[in-house]
Structures are given as C-alpha cells and as structure tokens.
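The values are calculated or read from the model by the stated rules, or taken from the named source; none is laboratory data. All of these numbers come straight from a predicted model, not from anything done at the bench. Neighbour counts run over all protein chains shown; Cβ positions are idealised from the backbone, glycine included.
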C-alpha cells in the first residue's frame with residue numbers, strides 16, 4: 001500500500017507541474033519565464049521536502065511514521081483545494097505587478113505546499129522500510145525512488161492526454177486533490193493499527209479535501225457555460241463557452257468593441273458587442289452580430305489577395321480561427337483547403353461563429369508545417385493566420401517554412417501573412433529578414449502609427465512572380481464597405497517593399513530550422529503583449 005501511495009504522489013507531482021503551466025499561460029504568457037518559475041520552485045520544494053522528511057524520520061517511531069505517511073496526502077489534498085480557490089483571484093494581480101517575478105510567486109501559490117508535503121513521503125517510506133532491510137544496502141531507497149519516478153512518468157501521461165485536453169485547469173487540480181484524499185482514506189482503512197488520533201485527524205482532513213473538491217467542481221461545472229445554437233452577442237464581458245484542449249484553453253467571449261480595437265471610436269460604436277474566440281487569453285478571432293469580422297487582419301488579407309488574384313481556383317488557409325477567411329473564399333467559388341492543428345477550434349467555429357464548410361472546403365487537422373512540406377504547387381492563394389498574440393509559432397517562422405510555402409504556390413500564386421510589430425524588440429525585423437531571404441521581394445503593410453504605439457498590426461505579402469506585388473499600391477479600397485472600426489484602422493495603413501538588403505532589415509539575422517532565433521527575439525514582445533492584454537481582459541475570463 002505504501003509503495004502504491006508513493007506511485008500516486010509521484011504522479012501527482014508531475015501532473016501538477018503541467019497543469020500549473022496551463023493555469024499560468026493566460027496570465028503570464030507563453031514564455032520561458034513560466035517554465036523557469038515552475039521548475040525552479042518545483043526543485044526547491046522537492047529538495048526542502050526531502051530534507052524535512054529525512055530529518056523527521058531520524059528519531060520518529062515507525063508507528064508514528066506510518067500515521068504521518070497517510071496524513072500527508074490528506075494535507076496535500078486540502079492545500080490543492082486552497083490553491084484552486086486562491087489562484088483565480090490572485091494571478092491577475094501578480095501579472096500586472098510583474099510578469100517575470102509573478103511567475104515565481106504564482107508557482108509558489110500553486111505548487112509549494114503540496115510538493116513539499118508529498119516529496120517528504122519518500123524519505124519517510126525509506127525509514128519505514130529500514131527495519132525490514134536491517135540497515136543493509138540502500139534500505140530500499142533505490143526502489144522507493146524508482147516507484148516514485150515511474151509514477152511521475154504516469155502522471156505526465158495522464159495530465160497530457162486525459163486531464164488537460166478535456167477538463168478545465170481548476171477541475172484538473174480538484175481531481176488530483178480528490179485522488180490524494182481518497183488515498184489517505186484508503187490507507188487509514190487498511191492500517192487500522194495506526195494511532196487512533198492521527199487516523200481520525202487524517203480522515204477528517206481527507207474528507208474535507210474530497211468533499212470540498214466535489215462541491216467546488218460541481219459549482220464550476222454549473223457556472224461554466226457551454227451553450228449551443230443561436231446565442232445573442234452581449235455588450236459586456238461574458239464567457240459564453242469554454243473548451244479545454246491540448247493546444248490551449250479555447251473560450252467564446254462577448255465583449256464591448258472598445259476593448260478589442262486599437263483606434264478611438266464613437267461611444268455608440270465602442271459599446272457595440274463583439275463575439276471573440278480566445279486561446280489562452282489571447283484574441284484569435286471575432287465577429288459582429290451580422291457575422292462580419294471584427295478584426296482588421298481577415299479583412300485585409302482577403303482584400304489584398306483578391307486584388308492580386310481576382311478569381312482564385314484553389315486557396316490554402318493555414319489556421320482556421322473562426323472560419324471567416326475560408327468562408328469568404330468558399331463563397332467566391334474557390335476550392336479551399338484549411339489546415340488547423342486543434343480540432344476544438346473547428347467545433348467552436350461551427351457552434352458560435354456561423355462557420356458552415358461545404359463540399360468545396362477540405363479541413364486537415366494537423367500541424368501546418370507538416371502539411372506544407374508535401375503540398376502540391378497549385379494554390380493561387382496561401383494565407384497564414386497562425387499568430388495568436390504572444391504564442392509565436394517558432395517552427396513556422398523559419399526560412400525552410402517559407403521555402404515550403406513558396407513551393408505550394410501556383411505560377412500566379414500569392415502569399416499573405418498577418419503578424420505583429422512592436423517597438424520593444426527586433427522580432428518583427430527578424431521575421432521580415434527570414435521571409436525576404438526565402439521569398440525575395442515582399443510587400444509590408446503596417447499601421448503608420450507604430451512609433452507611438454507599443455504593438456501594431458503588420459501584414460506580409462509575396463508572390464511567385466514578384467512583379468505581381470506592384471498591383472498593391474494601385475488597389476482600390478472602398479472604406480464604406482467595412483465596419484467603422486475596420487475602416488478607421490485601414491485608413492492608417494502604410495506600404496513599403498522590402499528585400500534582404502533594405503535598410504529596415506539589412507544585417508538582421510534570419511532563422512533556420514538548425515538555428516532558430518525566434519524565441520530570443522520574441523521574449524520582450526511576448527511580455528509586452530501579455531501585459532497589454534491582462535490590462536484589458538477581466539481575470540474571470542482568463543482563469544480556468
């Protein structure tokens with residue numbers, strides 16, 4: 001029974017690390033800082049737990065060790081229950097104070113108490129088994145740590161394939177808390193010879209952990225909406241639906257438009273409701289009540305592409321979003337292929353954003369990188385919509401990726417990609433350098449006010465025959481065809497053509513699969529983007 005308990009607690013320790021990362025991403029972003037905080041705090045807690053457990057075991061009678069051994073999972077259960085209640089109301093404030101420092105404090109809140117307690121079990125079990133080994137050899141220490149480590153492997157697999165893709169972060173924590181509470185109840189039931197006082201205390205504590213987790217889980221499920229059908233768009237922050245997945249937490253959220261766009265709007269327009277698709281707290285797509293896109297990127301990608309190729313036969317869209325771009329080209333009679341890595345995105349697009357793909361559309365659930373390595377050279381338009389806020393897809397920003405995309409283009413094909421520009425890092429220039437070293441001459445459309453704004457939209461276009469880009473300056477864009485907020489943003493766009501020798505990017509290194517520098521360049525921009533986002537989105541939207 002004791003070694004089974006070590007197996008379970010070993011599993012819980014590693015599962016909690018993965019779940020903690022998913023909890024922290026909406027508040028602190030996708031960056032190395034999260035894992036630096038989690039791993040640092042985890043190792044410190046494990047070291048401290050091993051030390052405390054060893055000190056406690058030196059002169060403690062075996063009967064007391066047995067009782068404490070089964071008391072600790074109950075204590076961990078209550079600690080996890082407390083963490084599950086506390087983190088939704090504390091992590092947002094920590095992120096607003098300091099993204100970097102907040103990751104360490106958040107890791108302490110989520111992990112410290114249960115990890116210190118559960119790691120102490122290993123030396124305690126070694127001490128319990130020491131008398132049986134008569135102090136010979138390793139006294140069973142090797143076997144104890146072997147079982148615990150195998151449990152950790154099991155915990156990683158369960159968290160990655162059973163918990164995170166199907167349950168919210170809070171529910172996942174509560175499931176682990178319940179498991180630990182049940183472990184204590186099973187232990188004190190089997191070992192009736194344990195001191196009565198400790199047995200009763202452990203049982204009460206375990207019952208508190210199990211019952212508390214069940215009550216909170218029930219409340220969470222009741223409050224977590226998952227409405228289907230025609231749901232009117234609200235004009236205040238409202239979580240319409242939540243979908244856990246292996247690629248982030250998808251949420252359908254209604255919000256006032258003024259919090260979404262980066263331009264000043266009349267009051268009546270700013271209060272207009274918009275439905276958003278959020279992935280780990282980042283805006284991924286959005287629509288107005290009439291089904292039109294609420295974001296500039298889809299309108300601009302569609303407009304430029306159709307000006308360059310008025311009647312495309314085949315279109316490849318990398319990244320589904322809410323399905324607005326694929327739907328646009330399908331309505332124009334094109335054969336559309338969509339590549340989306342997250343099957344839940346398709347489910348959300350159909351249920352809440354009116355996406356209804358017909359026979360002219362094929363959807364491939366896979367990584368865009370693997371798809372473009374084998375696609376044929378027959379696409380008139382290839383559009384890349386793979387940026388999700390600070391979730392920079394590093395493997396999709398290398399020279400080899402752009403080489404593969406260029407190979408997918410037909411003889412008259414064009415390529416378009418939405419991106420972000422910032423004034424705190426060289427990420428934007430680095431992406432442009434990588435793109436030009438593969439695609440040659442490119443057209444960059446960006447917001448003219450970048451120098452006065454922290455982050456702005458940027459769009460990159462290229463063509464199989466580079467002279468096709470010369471049509472862009474002469475495009476006729478009728479602003480009255482767009483929603484007022486989109487028209488305001490389009491009126492501030494600027495155009496420039498770039499080659500690898502252009503002054504903007506001359507000398508800037510580019511990324512390859514062998515030497516990918518995106519993460520280095522992206523770190524400051526990721527922190528800035530996340531900081532700007534958490535100042536807008538309420539904590540209750542980001543949590544879970």
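For this structure, a couple of remarks:
- Hey, residue 124 in the same structural domain as residue 20 (by TED's automatic domain parsing), under 38 Å from the mean Cα position of the chain (by Cα), under 30 Å from residue 541 (Cβ atoms) and buried (at least 22 other Cβ atoms within 10 Å of the Cβ) or not: no
- Within segment 402-422, being out of contact with any strand residue (DSSP E or B) (no Cβ under 8 Å at 6 or more places or on another chain) and surrounded by fewer than 24 Cβ atoms within 10 Å (Cβ to Cβ) holds for 403, 404, 407, 411.
- Those strands (runs of 3 or more DSSP E) of segment 342-449 in which at least 1 residues are farther than 29 Å from residue 527 by Cα and within 21 Å of the chain's Cα centre (by Cα), considering only elements entirely within it, cover 361-365.
- Residues that are in contact with a strand residue (DSSP E or B) (Cβ under 7 Å, 6 or more places away or on another chain) and outside any strand (DSSP E or B), drawn from segment 239-248: 248
- Odd one out for residue 291, checked against (1) without any contact (Cβ under 8 Å) to a residue 60 or more places away in the chain; (2) more than 24 Å from residue 376 (Cβ to Cβ): (1)
- Residue check for residue 322: modelled with pLDDT under 95, in a helix (DSSP H, G or I) and under 30 Å from residue 167 (Cβ atoms): no
- Lone unmet requirement of (1) modelled with pLDDT under 85; (2) closer than 16 Å to residue 486 by Cα for residue 256: (1)
- Index of the failed condition, residue 447 passing every other in (1) under 21 Å from residue 472 (Cβ atoms); (2) surrounded by fewer than 22 Cβ atoms within 10 Å (Cβ to Cβ); (3) out of contact with any helix residue (DSSP H, G or I) (no Cβ under 8 Å at 6 or more places or on another chain): (3)
- Residue match in segment 14-22 (condition: over 26 Å from the mean Cα position of the chain (by Cα), in the same structural domain as residue 87 (by TED's automatic domain parsing) and either farther than 30 Å from residue 250 by Cβ or surrounded by fewer than 22 Cβ atoms within 10 Å (Cβ to Cβ) (or both)): no
- Residue in segment 453-465 that is more than 26 Å from residue 310 (Cα to Cα), assigned to a loop (DSSP other than H, G, I, E, B) and assigned by TED's automatic domain parsing to the domain that holds residue 430 present: yes
- Of the residues 82, 9, 42, the single one that is surrounded by fewer than 20 Cβ atoms within 10 Å (Cβ to Cβ), assigned by TED's automatic domain parsing to the domain that holds residue 160 and either assigned to a helix (DSSP H, G or I) or in contact (Cβ under 8 Å) with a residue 12 or more places away in the chain (or both) is 82.
Here's the yes/no breakdown for (1) surrounded by 23 or more Cβ atoms within 10 Å (Cβ to Cβ); (2) in contact (Cβ under 8 Å) with a residue 40 or more places away in the chain; (3) touching a strand residue (DSSP E or B) at 6+ places or on another chain (Cβ under 7 Å):
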{"position": "278", "(1), (2), (3)": "yes, yes, yes"}
{"position": "299", "(1), (2), (3)": "yes, yes, yes"}
{"position": "302", "(1), (2), (3)": "no, no, no"}
{"position": "313", "(1), (2), (3)": "no, yes, yes"}
{"position": "322", "(1), (2), (3)": "yes, yes, yes"}
{"position": "329", "(1), (2), (3)": "yes, yes, yes"}
{"position": "335", "(1), (2), (3)": "no, no, yes"}
{"position": "340", "(1), (2), (3)": "yes, no, yes"}
